[in-house]
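Here's a structure for you.
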Amino acid sequence: MSFPPDAFIAEAETSVFWDIEDCKIGDRNAAVVLQKIRSFISSGGGHIGSISINAYGDMTGHDFPTQGIKLNHFPAGQRYARHTKILEDIVSWAAQHPQPSNLMLIIGDTSEDFIEIVELLQSRKNYRCLLLR
């Protein structure tokens, strides 16, 4: 899959917020999935800037690498707490990353809270947001 040339701001930082509970990796190797996410952004979007990844969910049984990803462990069943943390982190990220910046959400939930955040950031001229469900 490729994106239009303006899908990502090529040199800007891209931050990924991934709900591994609602968008499961199944029994696939976590390191391989992370590499595919990075490749998807770089190859498909023509992105050459830095990429940071934040994962949220039950990390039990997943072999995530310790570098290049921030893990946020939430025991199974704590969906509200997990989503609240994702939203808080997105707002904090936006405050710390001036435009231009890229945001990629890999979430299963498309509640009004997530949609409002994406719409707010997209309304600013130099934020690019990609929502994957």
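Quick note: the coordinates plus some simple rules give every number you see, no bench work behind them. The structure presented is a predicted model; accordingly, all values stated were derived computationally and were not measured. FYI the Cβ positions are ideal-geometry reconstructions off the backbone, even for glycines, and counts take in every protein chain you see.
Can you give the local net charge around Asp22? Use residues other than it whose beta-carbon is closer than 13 angstrom to its beta-carbon, Lys and Arg +1, Asp and Glu -1.
On the way: positive: Lys24, Arg79, Arg82, Arg133; negative: Asp19, Glu21, Asp58, Asp109.
Within the 13 Å Cβ shell, the charges total 0.
How large is the Kirkwood hydrodynamic radius of region 24-96, counting all unique pairs of alpha carbons, in Å?
Details: mean 1/r = 0.0732 Å⁻¹.
Its Kirkwood hydrodynamic radius stands at 13.7 Å.
Just add up the charged neighbours of Ile115: K/R +1, D/E -1, any other residue whose Cβ is under 13 Å from the Cβ of Ile115.
Values: positive: Arg133; negative: Asp109, Glu112, Asp113, Glu116, Glu119.
Residues close to Ile115 contribute a combined charge of -4.
If I require 15 Å or longer along the helix axis, counting alpha carbons, and a Kyte-Doolittle average no lower than 0.0, what helices from the chain are left? Use full DSSP H segments.
112-123
Val32 versus Gln67, label points 7 Å from Cα toward the beta carbon: distance in nm?
Placing both labels 7 Å beyond Cα along the Cβ direction yields 2.2 nm.
Under the rule of at least 5 residues apart or a separate chain, name every residue whose amide H is placed under 5 Å from the amide H of Ile53.
Sorted by chain and number, the residues that satisfy this are Val16, Lys70.
Additional query: Could you list, bin by bin from short to long, the percent of Cα-Cα pairs of the chain in 10 Å steps?
Answer for the chain: a P(r) of 12, 45, 36, 7, 0 percent.
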